[in-house]
Amino acid sequence: MKLKKWLLLVGAAASIFLLSSCGSSSSSNDSGDTTTIKIAWRALGKNDSMYRIYNKKWIADFEKENPNIKISLQPINATEGDYFSKLDLAMKSAETTPDIVNEDTFILPADAKAGYLQPLDAYLSEWPDWKNFTDSLKKGSQGSDGKQYGIPGTTDARGVWTNLNVTKKAGLSTNWKPKTWQDLIDAAKKIKNAEPNVIPFAMGVSTTNGESVSMQTFEQLLYGTGETLYNEKTKKWNVDSKGILASLNFINQIYNKDKTGPSLSVAMNSNYGSTIFQDKIPKNQVGLAMDGIWNTGNWSKGGAAPMPNMAKVLAFNLMPTQNGEKPGFVTMAGGWSWAIPKNSQHKDAAFEVLKAMNTKELAVQRALQEGTLTVRDDAAKDPEYLKKPFIKEATEALKNAYFRPKNDLYPKVSIAIQQMVESVATEQKSPNEAAAKYASDVKGIVGAENTETQK
């Protein structure tokens, strides 16, 4: 079957799933002794890598080896926020729930706390391959109760993409590496002066871009000041701190004082990511951009915006700490995990499918196609994986990686972060005003007794 026909089939399957999610009665797809396992994830259009990884041949091979199990791919085409809502709605009922779901690791603790997910510890203890998954990433797929609710599928690192064609014209050497935030500010000014039509420094600031603004922009700055969003020891949220204000001042410097960020028409657009990374960077219209290693998937052969000379045109620089404090760089790591909803009526069969979905070979294939980092230690040693562009820099970044709080209230705090960042970038509030509003919002979410001021 050609790819086009295959996409039509999975698209039809998605429509059926969404109808069932909206409340229509949905009977089991089981027939006789055969169990059908429904797999749901957020699909990203015709270039979505899941179609290529879990393709017709992979399904046919699995079903041949497991004649009692059928696989039904049920992609959800939705915005990030809508995806979480649709998935939660579907998981509430045994009639509508998929059997396997793809969970962003920042939302997983909340879904576990809500009782939507099945702890997997009993299954994993009997799975020899589990020992090959990276220990630190296993923790990122646990609930606040310490139980394992997800199997890591991908992870990533964030840094500063540097277009060497642009920075060369601005007088920066090909070996330029930022050591402090001031280095980034200075470089952005040079690019602005040398090339007025280029975006000197891009970073997401709009609430329309959801969680990415919290994690990739604000938290990566905050953790570079030496502070954290949440104190795992005291179990309290950080508010009214110097690091929060410093992070907002950096955003204000780029967007308002120096005007070296994207125009608001670009920054406020829900397509900010694709505009910057699939359109403008390949056209040498962006100098520096904070974002993740996964963008190599866009620029690789078969990606959304292939760049055959990507490794020569671009550099992946580590995000510096505020003033160069040791170890000199910082990154936020996250990723997506596979989980089994508690309401699934076919948990044993679902876990058999999960094992087949997360082999070493598929872990390598997924990392290569998506541009992400592998979650398995054995896959990280694969020769093809080690040939990935920028893999050395991304792996280096993970040495000082932080993860988002494993707290079920994080998604609500994240929305307050996004509103705070946007209000500064759009000059609706000064950094001091935005920080004060954030402190008030967080106290309202978690309770004032659960907040503190770090440093």
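The values are calculated or read from the model by the stated rules, or taken from the named source; none is laboratory data. Please read these numbers as outputs of a predicted model, since none were measured by experiment. Here the Cβ is made from the backbone with ideal geometry for all residues, glycine too, and neighbour counts use every protein chain on show. Ligands, DNA and RNA are stripped out before the accessible areas are found, and what is left, the full protein with its side chains, is counted by its heavy atoms. Shrake-Rupley method; radii C 1.70, N 1.55, O 1.52, S 1.80 Å.
A few remarks follow.
- Using a cutoff of 8 angstrom between alpha carbon atoms and counting only pairs six or more residues apart, the relative contact order for the chain works out to 24 percent.
- Rounded to 5, the percent of DSSP beta bridges in the chain classed as antiparallel: 60 percent
- Only alpha carbons enter this Debye calculation for segment 223-325, each as an equal point scatterer, and the log10 of I(q)/I(0) it gives at q = 0.18 Å⁻¹ is -1.02.
- Using a probe radius of 1.4 angstrom, the carbon and sulfur fraction of the accessible surface of segment 315-368 is 48%.
- Exposure rule at most 14 other beta-carbon atoms within 10 Å, DSSP loop GluC sites (Glu not before Pro): the chain longest free segment: 1-125
- Contact order relative to length of segment 193-271, as percent, for alpha carbon pairs under 8 angstrom and 6 or more apart: 41 percent
- Ranked order, Arg158, Arg52 - accessible area, probe 1.4 Å, largest first: Arg52, Arg158
- In the chain, the longest principal axis of the Cα atoms and the axis of helix 360-370 are about 50 degrees apart.
- Total charge dipole magnitude, segment 373-455, about the Cα centre, Cβ charges on Lys, Arg, Asp, Glu only, Debye to nearest 20: 120 debye
- Computed in the context of the full set of protein chains, the accessible area of segment 183-270 at 1.4 Å probe radius has 48% of its extent on carbon or sulfur.
- Annotation: amide H of Arg376 within the under-5 Å range of Thr134, sequence separation 5 or more or interchain, hydrogens built in the peptide plane.
- Segment 84-141-segment 258-305 distance, computed between alpha-carbon centres (Å): 31 Å
- Acute angle (nearest 10 degrees) that the helix 410-425 long axis makes with the longest principal axis of the chain, alpha-carbon atoms: 30 degrees
- The length gained on full extension between Glu325 and Asp135, counted as 0.36 nm times the residue separation minus their Cα-Cα distance, comes to 65.7 nm.
- Listed values for segment 333-350 are Karplus-derived 3J(HN,Hα) couplings in whole Hz (6.51 cos²θ - 1.76 cosθ + 1.60, θ = phi - 60°), namely 10, x, x, 10, 10, 9, 9, 10, x, 4, 7, 4, 8, 9, 5, 4, 5, 4, and x replaces Gly and Pro.
- Cβ-based charge dipole, the chain, positive-most Cα from Gln345, Ala401, Leu288: Leu288
- Residue-averaged 222 nm ellipticity for the chain, from DSSP H runs of 4+ at -39500 (n - 2.57), nearest 500: -10500 deg cm²/dmol
- Degrees, to the nearest 10: 181-194 long Cα axis against longest axis of the chain: 80 degrees
- At full extension, Ser440 and Leu44 could sit 139.0 nm farther apart than now, given 0.36 nm per residue minus the alpha carbon distance.
- Student exercise, the chain dipole from Lys, Arg, Asp, Glu Cβ charges, in Debye to nearest 20: 1280 debye
- Leu398 contributes an accessible area of around 60 Å² to the protein surface, as traced by a 1.4 Å probe with all chains present.
- Measuring nothing but how far apart in sequence close Cα pairs (under 8 Å, 6+ apart) lie, relative to its length, segment 247-404 scores a relative contact order of 24 percent.
- Heavy-atom accessible surface of the chain, averaged per residue, reaches 43 Å², computed with a 1.4 Å probe.
- Segment 131-150 residues near the modelled Asp121 label - backbone nitrogen below 11 Å, point 7 Å along Cα→Cβ: 143, 145-149
- Among the protein heavy atoms, those of Lys283 account for about 120 Å² of accessible surface (1.4 Å probe, every chain in place).
- Relative intensity, log₁₀ I(q)/I(0), of the chain from a Debye sum that treats every alpha carbon as a point, q = 0.08, 0.12 Å⁻¹: -0.47, -1.06
- Cα-based shape type of segment 301-419, given that a ≥ b ≥ c are square roots of the gyration tensor eigenvalues and the cut on a/c is 1.5: oblate
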